[in-house]
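Asks: Quick one: the structure is below, and I'll ask about it shortly.
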Amino acid sequence: MRLRFAAVELPVLSGADVERAVSPQRALEAVRDAFLAYARGEWTMPPKVYVPAYPAGDFRAMPALGAGHALLKWVTSFPGNPQRGLPTVTGLVLVSDATNGMLKAALDAAAVTALRTGAAAVLAAETLGRDGTAAVVGAGVNGRAAARTFVARGRSVLLYDVDPARADSVADELGATAASREAALGADVVVTVTPGKEIVYGEGSLREGQHVSLMGADGPGKAEIAVGEMARVRMFCDDWEQASHNGDLSHAVEADVLSHADVTQFGDVLAGTARGRSSDDEITAFDSTGLAIQDLAIALAALERLDEIDVPRVSL
């Protein structure tokens with residue numbers, strides 16, 4: 001007996017292909033729609049699976065289902081890699097047709113991750129923060145994406161990095177302004193994209209009216225904000241189940257300082273079923289651990305333009 005398999009010509013999008021296909025503005029719109037679809041129960045997302053390889057890093061498997069498609073992202077986070085001349089984030093995003101199970105495309109995971117990280121960070125800052133100065137702390141791949149998204153939205157951006165040369169280079173590339181750590185952390189809206197190895201905002205450090213999108217603590221043991229500071233401010237998250245186990249919030253939950261009732265899911269704010277910022281003086285913080293629904297949104301946005309960009313295809 002001979003088994004016959006249907007031949008598949010699979011488009012494979014490199015990081016450059018993904019960036020050509022999806023602008024920062026389109027990424028923000030797609031991520032907003034994904035948050036809304038998830039909040040309404042239209043898209044689903046099984047739990048993210050961590051495969052620890054500590055202390056070096058970890059592997060992550062992230063599935064999602066929505067808009068007639070299924071996605072699986074296999075991605076890494078190895079913070080020490082840049083010292084070896086290697087990227088921190090590598091991996092692959094696979095998209096399948098949810099009606100027949102057939103693979104439709106493979107995309108570079110690092111580019112998809114950067115686009116959705118920048119989009120989510122800025123979307124939260126615009127929704128929960130005030131007008132005023134914007135800053136990004138961390139000028140790596142994902143920090144660059146956040147700064148690029150701010151610039152695309154017409155905002156001036158302060159940029160800080162522990163490596164001043166990298167901050168200068170990225171700022172020059174994007175039209176941002178390299179700034180001191182103090183100036184960046186004191187901006188009206190701040191995005192932190194650090195390795196999560198040390199606290200960026202200690203207890204009592206956020207001032208009235210500030211907003212911070214915390215993007216770096218996306219796995220066990222990482223943190224960018226003190227537990228006491230989370231108890232003092234208004235906390236939001238991308239997904240309670242995920243953030244309460246692997247984000248900054250996990251530390252507050254373990255310390256019995258915050259519970260589910262104390263934290264608002266961001267998608268509910270966008271859907272109008274939960275309250276966002278309540279006053280100009282309120283301090284808001286968004287704990288982001290990165291959602292597979294966001295990856296699906298970016299992947300589908302890229303596939304919308306597949307006929308417009310020349311990408312290689314592999315036969316399976």
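Asks: Between rounded, prolate and oblate, where does the chain land on the alpha carbon gyration tensor, with a ≥ b ≥ c its root eigenvalues, rounded for a/c under 1.5, else prolate if a/b exceeds b/c?
Replies: Cα axes put the chain in the prolate bin.
Asks: With each pseudo-label sitting 7 Å past Cα toward Cβ, what's the Ser96-Asp188 distance in nm, one decimal?
Replies: 4.7
Asks: Sticking with this structure for a sec: 222 nm [θ] for the chain, helices only, -39500 (n - 2.57) per DSSP H run of 4+, per residue, to 500?
Replies: -10000 deg cm²/dmol
Asks: Compute the Cα gyration tensor for the range 70-229, then decide on rounded, prolate or oblate, letting a ≥ b ≥ c be the square roots of its eigenvalues: rounded whenever a/c is under 1.5, prolate when a/b is larger than b/c in the other cases, and oblate in all that remain.
Replies: Prolate.
Asks: Run through the DSSP bridge list for the chain and note the antiparallel percent, rounded to the nearest 5.
Replies: Once the DSSP bridges in the chain are tallied, antiparallel ones form about 50 percent.
Asks: Take each uninterrupted DSSP H stretch in the chain, measure its Cα extent along the helix axis, and return the ones at 24 Å or beyond whose mean Kyte-Doolittle hydropathy is at least 0.5.
Replies: Qualifying helices: 109-128.
Asks: Once you sort the root eigenvalues of the Cα gyration tensor of the range 229-303 as a ≥ b ≥ c, which label holds: rounded (a/c under 1.5), prolate (a/b larger than b/c) or oblate (the other case)?
Replies: oblate
Readers should treat all values here as calculations from the given coordinates under stated rules, not as data from a laboratory. Since the structure is predicted, the reported quantities are computational estimates derived from the model, not experimental observations. Don't worry about glycine lacking a Cβ; one is built from the backbone with ideal geometry, like all the others, and counts go over all protein chains shown.
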